[in-house]
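Q: Okay, here's the structure, questions in a sec.
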């Protein structure tokens with residue numbers, strides 16, 4: 001992202017912070033927060049009772065949390081913001097990262113609100129979606145029954161697709177930190193996404209293949225809203241660049257073993273290698289943490305070790321991959337290169353990443369930083385409107401985001417409410433002294449449509 005844009009955004013953020021503080025200090029008719037709400041509270045995961053059949057039925061979204069709305073306007077007390085995270089399932093480590101980021105955001109936001117003399121505090125209520133679309137909807141309904149009007153997450157496009165109608169019908173603002181499917185880019189709805197869509201990432205992957213001189217790519221992908229959308233985006237750009245695109249296996253997201261799929265992949269790769277040579281062929285893998293099982297199986301095929309592999313944001317910095325020695329070794333051997341949208345480096349970025357590293361024991365993914373920013377933009381939107389109303393927050397949120405410089409940098413949303421542009425960090429698995437780790441191999445620069453590299457991969 002251009003450096004001058006970041007500098008402009010850094011100056012502009014002062015305006016929104018001062019304006020928000022003025023609204024909050026004035027109170028706009030709000031009363032003083034109760035003693036229980038004046039100290040920053042830890043982000044909480046709601047109790048299992050929230051998943052009971054009664055709690056998951058569609059319900060009127062009348063506010064039930066500790067909140068006071070005065071006749072003259074203003075909010076006070078404790079405002080609950082929901083979070084739908086994959087704490088278990090196919091993206092569990094990503095969910096852990098976002099959970100830590102939201103805990104930090106709640107602490108920072110409440111400290112800011114206290115310093116400003118604001119009459120309200122936020123409490124983030126976290127639900128585990130298990131990385132399952134149907135569970136995500138159940139958990140959103142449970143949050144709505146509590147009167148929650150703003151939700152951060154869910155992380156996958158399949159989950160966002162599942163909850164979209166309910167969120168729109170009930171005027172619940174949803175801010176996903178990592179949903180990228182182009183099919184969900186719909187202007188005027190209640191879905192916002194603080195990451196770019198795969199209309200940007202797909203071409204980046206194709207351009208990586210072109211940069212490394214590939215004449216053919218074989219794609220293996222997860223058969224859901226995200227996987228299908230990214231597959232099409234990669235395919236379209238690769239063909240435009242003159243690369244032959246060979247469709248490999250499209251697999252069921254619920255699959256647990258991949259012997260047949262990997263065998264099909266190996267056959268297609270062998271055919272491409274015979275035609276172009278191993279150095280001119282690559283595999284594009286589009287999936288989540290099932291990559292561990294895929295790589296464990298793929299390690300048994302010599303032809304799959306001879307070609308380079310490209311991944312996506314679904315596997316970039318994935319902790320589970322490093323924990324499996326067979327899969328990690330294979331990833332290092334095939335120089336498994338993964339793009340994920342890049343945050344703008346700043347003092348704020350450095351501080352938050354350092355804090356999250358302490359909490360997690362590893363580097364957080366960019367989507368965790370986007371979750372941190374989502375919490376701030378939601379809180380500032382409430383402060384500016386002095387209403388806990390989904391409709392009011394939806395209307396002002398793009399402007400607040402535009403005038404906010406966060407952990408990920410300047411957040412410019414397009415007409416569909418999605419991040420309009422970003423650079424991409426390119427991560428690869430490497431081995432040092434018998435230990436596998438993720439390293440930043442290079443960066444794709446959006447403004448110049450070019451790559452810079454930190455290491456040689458050929």
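Q: Looking only at helices (runs of 4 or more DSSP H) that lie completely in the range 345-423, which have at least 1 residues being closer than 20 Å to residue 185 by Cβ?
A: Values: elements: 347-360, 366-385, 390-402.
The helices (runs of 4 or more DSSP H) meeting that bar are 366-385, 390-402.
Q: Now for a separate question. Quick check on this structure: which one of 273, 218, 283, 204 is crowded, with 18+ Cβ neighbours inside 10 Å, outside any loop (DSSP other than H, G, I, E, B) and free of Cβ contacts under 8 Å to residues at least 60 places away in the same chain? First the steps, then the outcome.
A: Details: 218 fails: free of Cβ contacts under 8 Å to residues at least 60 places away in the same chain; 283 fails: free of Cβ contacts under 8 Å to residues at least 60 places away in the same chain; 204 fails: free of Cβ contacts under 8 Å to residues at least 60 places away in the same chain.
Within the list 273, 218, 283, 204, the selection yields 273.
Q: Something else now. Right, residue 335: closer than 12 Å to residue 428 by Cβ and either assigned by TED's automatic domain parsing to the domain that holds residue 360 or assigned to a loop (DSSP other than H, G, I, E, B) (or both) or not? It would help to see each step written out before you state the result.
A: Details: closer than 12 Å to residue 428 by Cβ: yes; either assigned by TED's automatic domain parsing to the domain that holds residue 360 or assigned to a loop (DSSP other than H, G, I, E, B) (or both): yes.
Against the criterion (closer than 12 Å to residue 428 by Cβ and either assigned by TED's automatic domain parsing to the domain that holds residue 360 or assigned to a loop (DSSP other than H, G, I, E, B) (or both)), residue 335 qualifies.
Q: If you scan the range 297-324, which residues turn out to be buried (at least 19 other Cβ atoms within 10 Å of the Cβ), more than 13 Å from residue 269 (Cβ to Cβ) and either modelled with pLDDT under 95 or over 22 Å from the mean Cα position of the chain (by Cα) (or both)?
A: 297
Q: Which of the residues that make up the range 413-444 are free of Cβ contacts under 8 Å to residues at least 40 places away in the same chain and either within 17 Å of residue 366 (Cα to Cα) or crowded, with 21+ Cβ neighbours inside 10 Å (or both)?
A: Restricting attention to the range 413-444, the residues satisfying the condition of being free of Cβ contacts under 8 Å to residues at least 40 places away in the same chain are 432-435, 439-440, 442.
Listed by number, the residues that qualify are 439, 440, 442.
Q: Residue 104 fails exactly one of the following numbered conditions: (1) closer than 27 Å to residue 349 by Cβ; (2) out of contact with any helix residue (DSSP H, G or I) (no Cβ under 8 Å at 6 or more places or on another chain). What is the number of that condition?
A: (2)
Q: Continuing with the same structure: Looking at 127, 159 in this structure, which one is farther than 27 Å from residue 74 by Cβ and in contact with a strand residue (DSSP E or B) (Cβ under 6 Å, 6 or more places away or on another chain)? So that I can check it myself, show each step before the final result.
A: Numbers: 159 fails: in contact with a strand residue (DSSP E or B) (Cβ under 6 Å, 6 or more places away or on another chain).
Every option except 127 fails the conditions.
The values are calculated or read from the model by the stated rules, or taken from the named source; none is laboratory data. What you are looking at is a predicted structure, and each value in this text was computed from that prediction instead of being measured. Don't worry about glycine lacking a Cβ; one is built from the backbone with ideal geometry, like all the others, and counts go over all protein chains shown.
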